[in-house]
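Q: Before I ask anything, let me first share the structure, which is written out below as C-alpha cells.
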Amino acid sequence: MTVDELVGQMGQGHVVGNGQVTVTGIQHDSRQVEKGDLFCAIPGFHTDGHLYCAEAQARGAAAFLVERPDALPAGATAIVVANARAALAHAADVFYGHPSGRLWMVGVTGTNGKTTTTHLVRAILEGSDVACGLTGTLHTLIGPETFKVVRTTPEAPDLQRILRYMGDRGMHAAVMEVSSHALALSRVDTVDYDVGVFTNLTQDHLDFHKDFESYFRAKAMLFERLGSGLKKGPQAAVINGDDRYAGRLIELTRVPVVTYGLGLGVDVRATDVAVSSDGVRFTAHFPSGLRQSVAFGMPGRFNVQNALAAMTVGYVYGLAPETMADSLARYKGVPGRFERIDEGQPYSVIVDYAHTPDGLSNALSTAREFTQGKIGVVFGAGGDRDQGKRPLMGEVAGRLADWTVLTADNPRSEDPMDIIREIETGIRRVHGDWQVELDRERAIKIALSQAQPGDVVLIVGKGHETYQIYRDGTIHFDDREVARQVLRELMQA
C-alpha cells in the first residue's frame, strides 16, 4: 500500500515527500522497525517517538507518521497529523483491512473480572461451534494456537494484526479485554465492536486516570461507540446491573441493553446460588422465561457474575441456555484466577490475581463461605501504581482475614517497605493481625507453615504472573511454583 493510498483511506493527515512510497508494515517502536515499515512517532509519557525517527530510518523505515515534521530525517516521506496516537489507530485499521468488520466483536471492560469473563465467553461460543479468538492479559488464543502478549489490550498495530490473523484463520468471533488505558490512549478507536460488556468499576489505575470520574469516562467510551458502525449482526451493551455505574452506562449507549446480576430488575439473573470450594451452582433466568441450572467449577459469587456476563453474551448471540451451561460445566478454569494448589496438604491454598480492594474483598469473602478454619492471606501492592488503594487493601485484609503476611509485589522503582507502610495504615484502622516479610518466597513459606487443617491460605496479587519487578531488574517468580515447592517440602518434613 502506498502512502497516498493509506492517507486517502484514513481520511486525515497530509503527505510530505513522495506519496508513492510503498509501506509494508506499521510500527510504533523504533527498535522493532523493519525495512518498508511506516514508523509512527508517538509522544509518550516518558519519551517522545519523534526523537527516534533517525533510528527508525537506519533500520529501514520507508515512511513516517508524525505530529512534528521538523523531527523528520532529511528527504523523508511522512504523513503529518494533529494526533499521532489517534492516527496510528486509523492507519493500522486501514493497513490491515478493517479486520474487526469481519468478526463478531465482543469487548469486555471493567476493573475486575475481564480475564475470566473473556475466557468464559470464548468457551460458550466455541461450545456452540462458533470459532472464537481471544486476546487479553494472559495470552492470545486463535484456534489451537497460543501467543504471548505484552499488554492487556495491545497497541493498535499489534491489535489489528491479531484481528486480521483471527479472520484469516477462520474465526467467526473475537472476544477481548478492553483496558481503560487502551480506551484513553486510542488503541481501540477503530475496532468495530458488536457487544460491549461491563463487569464492574472499583478503585484502580488512579495513578493514570487521576480521579474516579476520568476512570469511568474512559470505560464509558466503549459503550458510547457501540452501534456506530455498519455491521448487521446482533449488537448489545451487556451491563452488570448490580454495579452502581450501570445506570449511567445505560444512558450513554445507543444499542439494546441487556443487564445481568444477582439483584432484582436485571434481565439475566442468578438465583439459588451455592458456593463451595469446588465451584458454584446457580439457576440462570433469561428474559424469554427460560431457566437453566448451572454448575461451574470456579468458586465465588464474583464468578457467578462472570458466568452470567458470558451467558448474557451467548443469549445476545442466540445460543441455547442448556448448551451454554454444558460449556461452563466442562470449563477447567483460568490460570491464576482463584486457582487451587493441591499437594495433598490438609488445608486449602489458592492463588489469585486480586490486586484491588474490591478484588481482595471478593477473594476473601469467597474463602469465608467454604472454610472450616481460619483464613490467611499473603499480598502486597505494585510499585509506581495507584497509591490510594494500598491502605484500602490493608483495611480489607484486616477485616476479612484472620492473619496477613505483607510482602513485595512488583515494587518497581519504589522501596518495598514504603509500600508496606501504606498498606499497614489500613490494617491498623481495623486492628488486624499481620506480619511483614519482604522476600515473597519466604512470605509464602511463613504463611503455609502456620496454616492448620481446615484453613485457607490465599496468595494474591500476582496470579498468572511469572515475574517480580524490582528497581534494578526483573526476576522469574511464580506464586504457583513457589507454593507447590513449599508444600512438597512441608509434606515431606
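Q: Within region 312-341, work out how many residues are over 13 Å from Gly463 (Cα atoms) and modelled with pLDDT of 95 or more.
A: Looking only at that region, the number is 20.
Q: Give the number of residues within region 1-32 that are under 14 Å from Ala78 (Cβ atoms), β-branched (Val, Ile, Thr) and in a loop (DSSP other than H, G, I, E, B).
A: Looking only at that region, the number is 2.
Q: Of all residues being small (Gly, Ala, Ser) and part of a loop (DSSP other than H, G, I, E, B) in region 221-265, which is nearest to the chain's Cα centre (by Cα)? Just the residue, please.
A: Taking the candidates together, the pick is Gly241.
Q: Please enumerate the residues belonging to region 113-150 that are touching a Phe, Trp or Tyr at 6+ places or on another chain (Cβ under 7 Å) and assigned to a loop (DSSP other than H, G, I, E, B).
A: Hits for region 113-150 are Gly113, His139.
Q: Considering every residue within region 48-67, establish whether at least one is under 30 Å from Glu5 (Cα atoms) and within 25 Å of the chain's Cα centre (by Cα).
A: no
Q: Quick one: would you say Gly101 is in contact with a Gly (Cβ under 8 Å, 6 or more places away or on another chain), at positive phi and surrounded by fewer than 24 Cβ atoms within 10 Å (Cβ to Cβ)?
A: Working: in contact with a Gly (Cβ under 8 Å, 6 or more places away or on another chain): yes; at positive phi: no; surrounded by fewer than 24 Cβ atoms within 10 Å (Cβ to Cβ): yes.
Against the criterion (in contact with a Gly (Cβ under 8 Å, 6 or more places away or on another chain), at positive phi and surrounded by fewer than 24 Cβ atoms within 10 Å (Cβ to Cβ)), Gly101 does not qualify.
Residues checked against (1) more than 26 Å from Ala123 (Cα to Cα); (2) assigned by TED's automatic domain parsing to the domain that holds Lys462; (3) in a helix (DSSP H, G or I); (4) of a type outside the set (Val, Ile, Thr):
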position: Glu343; (1), (2), (3), (4): yes, yes, no, yes
position: Pro346; (1), (2), (3), (4): yes, yes, no, yes
position: Val351; (1), (2), (3), (4): no, yes, no, no
position: Ala354; (1), (2), (3), (4): no, yes, no, yes
position: Gly359; (1), (2), (3), (4): no, yes, yes, yes
position: Asn362; (1), (2), (3), (4): no, yes, yes, yes
position: Gln372; (1), (2), (3), (4): yes, yes, no, yes
position: Gly382; (1), (2), (3), (4): yes, yes, no, yes
position: Arg385; (1), (2), (3), (4): yes, yes, no, yes
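Q: Out of the residues in region 61-89 that are assigned to a helix (DSSP H, G or I) and touching a residue at least 40 places away in the same chain (Cβ under 8 Å), which is farthest from Leu185 (Cα to Cα)?
A: The extreme case among them is Pro69.
Q: Now for a separate question. Test each condition in (1) in a helix (DSSP H, G or I); (2) within 21 Å of Ile423 (Cα to Cα) for Leu328 and report the one that comes out false.
A: Leu328 satisfies every listed condition except (2).
Q: Further question: Can you tell which of Ala284, Ala295 is surrounded by fewer than 21 Cβ atoms within 10 Å (Cβ to Cβ), more than 24 Å from the chain's Cα centre (by Cα) and not in a loop (DSSP other than H, G, I, E, B)?
A: Ala295
Q: Okay, moving on. Hey, can you tell me all the residues within region 33-43 that are touching a strand residue (DSSP E or B) at 6+ places or on another chain (Cβ under 7 Å) and either of a type in the set (Asp, Glu) or assigned to a loop (DSSP other than H, G, I, E, B) (or both)?
A: Initially, region 33-43 is screened for residues touching a strand residue (DSSP E or B) at 6+ places or on another chain (Cβ under 7 Å), giving 33-34, 36-41.
Within region 33-43, Val33, Glu34, Gly36, Asp37, Ala41 meet the criteria.
Q: Applying the selection to region 116-133, what residues are in contact (Cβ under 8 Å) with a residue 60 or more places away in the chain, surrounded by fewer than 24 Cβ atoms within 10 Å (Cβ to Cβ) and touching a His at 6+ places or on another chain (Cβ under 9 Å)?
A: The one that is in contact (Cβ under 8 Å) with a residue 60 or more places away in the chain, surrounded by fewer than 24 Cβ atoms within 10 Å (Cβ to Cβ) and touching a His at 6+ places or on another chain (Cβ under 9 Å): Val130.
Q: Given (1) in contact with a helix residue (DSSP H, G or I) (Cβ under 6 Å, 6 or more places away or on another chain); (2) modelled with pLDDT of 95 or more, identify the lone condition not met by Asp386.
A: (2)
Quick grid of which residues meet (1) of a type in the set (A, V, I, L, M, F, W, C); (2) closer than 29 Å to Tyr165 by Cβ:
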| position | (1), (2) |
| --- | --- |
| Cys53 | yes, yes |
| Gln57 | no, yes |
| Gly60 | no, yes |
| Glu67 | no, no |
| Thr77 | no, yes |
| Val80 | yes, no |
| Asn83 | no, yes |
| Ala91 | yes, yes |
| Tyr96 | no, yes |
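Q: Restricting region 1-25 to residues that are polar (S, T, N, Q) and over 36 Å from the mean Cα position of the chain (by Cα), which is nearest to Ala41 (Cα to Cα)?
A: Asn18
Q: If you scan region 201-217, which residues turn out to be at pLDDT 90 or above and either crowded, with 24+ Cβ neighbours inside 10 Å or of a type in the set (D, E, K, R) (or both)?
A: If the condition is that a residue be at pLDDT 90 or above and either crowded, with 24+ Cβ neighbours inside 10 Å or of a type in the set (D, E, K, R) (or both), then Leu201, Arg217 are the ones that fit.
Q: Looking at Leu319, Leu308, which one is surrounded by fewer than 24 Cβ atoms within 10 Å (Cβ to Cβ) and not acidic (Asp, Glu)? It would help to see each step written out before you state the result.
A: Values: Leu308 fails: surrounded by fewer than 24 Cβ atoms within 10 Å (Cβ to Cβ).
That would be Leu319, the only listed residue that is surrounded by fewer than 24 Cβ atoms within 10 Å (Cβ to Cβ) and not acidic (Asp, Glu).
Q: Are there any pairs, at least 6 apart or on different chains, whose C-beta atoms fall under 6 Å, with the first in region 418-445 and on the phi < 0 side of the Ramachandran plot and the second among the basic types (Lys, Arg), and if so, which?
A: If the second residue must be among the basic types (Lys, Arg), the pairs left are Glu422/Arg390; Ile423/Arg390; Val430/Arg399.
Yes/no matrix, rows are residues, columns are (1) β-branched (Val, Ile, Thr); (2) in a helix (DSSP H, G or I):
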site: Leu448; (1), (2): no, yes
site: Gln452; (1), (2): no, no
site: Val457; (1), (2): yes, no
site: His464; (1), (2): no, no
site: Ile469; (1), (2): yes, no
site: Ile475; (1), (2): yes, no
site: Val482; (1), (2): yes, yes
site: Val486; (1), (2): yes, yes
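Q: Tell me whether region 167-177 contains one or more residues that are more than 26 Å from Val257 (Cα to Cα) and either modelled with pLDDT under 95 or part of a helix (DSSP H, G or I) (or both).
A: Yes, that holds for at least one residue.
The values are calculated or read from the model by the stated rules, or taken from the named source; none is laboratory data. Predicted model only: the values in this text are computed from it and were never measured. Positions of Cβ are backbone-derived with ideal geometry, glycine not excepted, and every protein chain shown enters the neighbour counts.
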